[in-house]
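Asker: Attaching a single structure in structure tokens format; questions to follow.
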Amino acid sequence: MLTVTLRGLERNGLVTRTIYPVVPPRVEYELTDLGRMLLKGATDLITWAEGHLPEIHEARRRFDTSQPPLPS
């Protein structure tokens with residue numbers, strides 16, 4: 001699964017892959033400029049979410065108590 005994810009990131013231009021012809025084989029991945037821009041946006045989103053956890057938890061609580069339970 002990790003390989004599939006990394007290949008997708010490489011295909012989308014977010015990482016580059018360098019293969020070293022050694023035994024055992026070695027591969028390194030590095031963020032591209034585009035990947036670094038995405039990382040900045042993701043970091044901002046995480047920071048925002050962490051700063052609003054009480055409101056998020058309260059919204060979840062209100063939602064969960066207003067909805068019938070899902071069947072298990």
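Asker: Give the residues of region 21-43 that are under 15 Å from GLY8 (Cα atoms) and of a type in the set (Gly, Ala, Ser), sorted by residue number.
Answerer: The one that is under 15 Å from GLY8 (Cα atoms) and of a type in the set (Gly, Ala, Ser): GLY35.
Residue-by-condition table, conditions (1) touching a Ser or Thr at 6+ places or on another chain (Cβ under 8 Å); (2) loosely packed, with under 10 Cβ neighbours inside 10 Å; (3) at pLDDT 95 or above:
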position: ARG17; (1), (2), (3): no, no, yes
position: GLU28; (1), (2), (3): yes, no, yes
position: ARG36; (1), (2), (3): no, no, yes
position: LEU53; (1), (2), (3): no, yes, yes
position: GLN67; (1), (2), (3): no, yes, no
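Asker: Here's something else I'd like to know. Could you give every pair whose Cβ atoms fall below 6 Å, whose first residue belongs to region 26-54 and is under 14 Å from THR16 (Cβ atoms), and whose second residue is surrounded by fewer than 10 Cβ atoms within 10 Å (Cβ to Cβ) and modelled with pLDDT of 95 or more, counting only separations of at least 6 or pairs across chains?
Answerer: From region 26-54, the pairs are VAL27/ILE19; GLU28/THR18.
Asker: Okay, moving on. Just checking, how many residues over region 13-25 are out of contact with any Lys or Arg (no Cβ under 6 Å at 6 or more places or on another chain) and free of Cβ contacts under 8 Å to residues at least 12 places away in the same chain? Don't jump to the end; show me each part of the working.
Answerer: Looking only at region 13-25, we keep the residues that are out of contact with any Lys or Arg (no Cβ under 6 Å at 6 or more places or on another chain), and these are 13-19, 21-25.
So of that shortlist, the ones also free of Cβ contacts under 8 Å to residues at least 12 places away in the same chain come out as 19, 21-25.
Final tally of qualifying residues: 6.
The values are calculated or read from the model by the stated rules, or taken from the named source; none is laboratory data. This structure is a prediction, so every number in the text was calculated from the model and none was measured. Cβ atoms come from the backbone with ideal geometry, glycine included; neighbour counts cover every protein chain shown.
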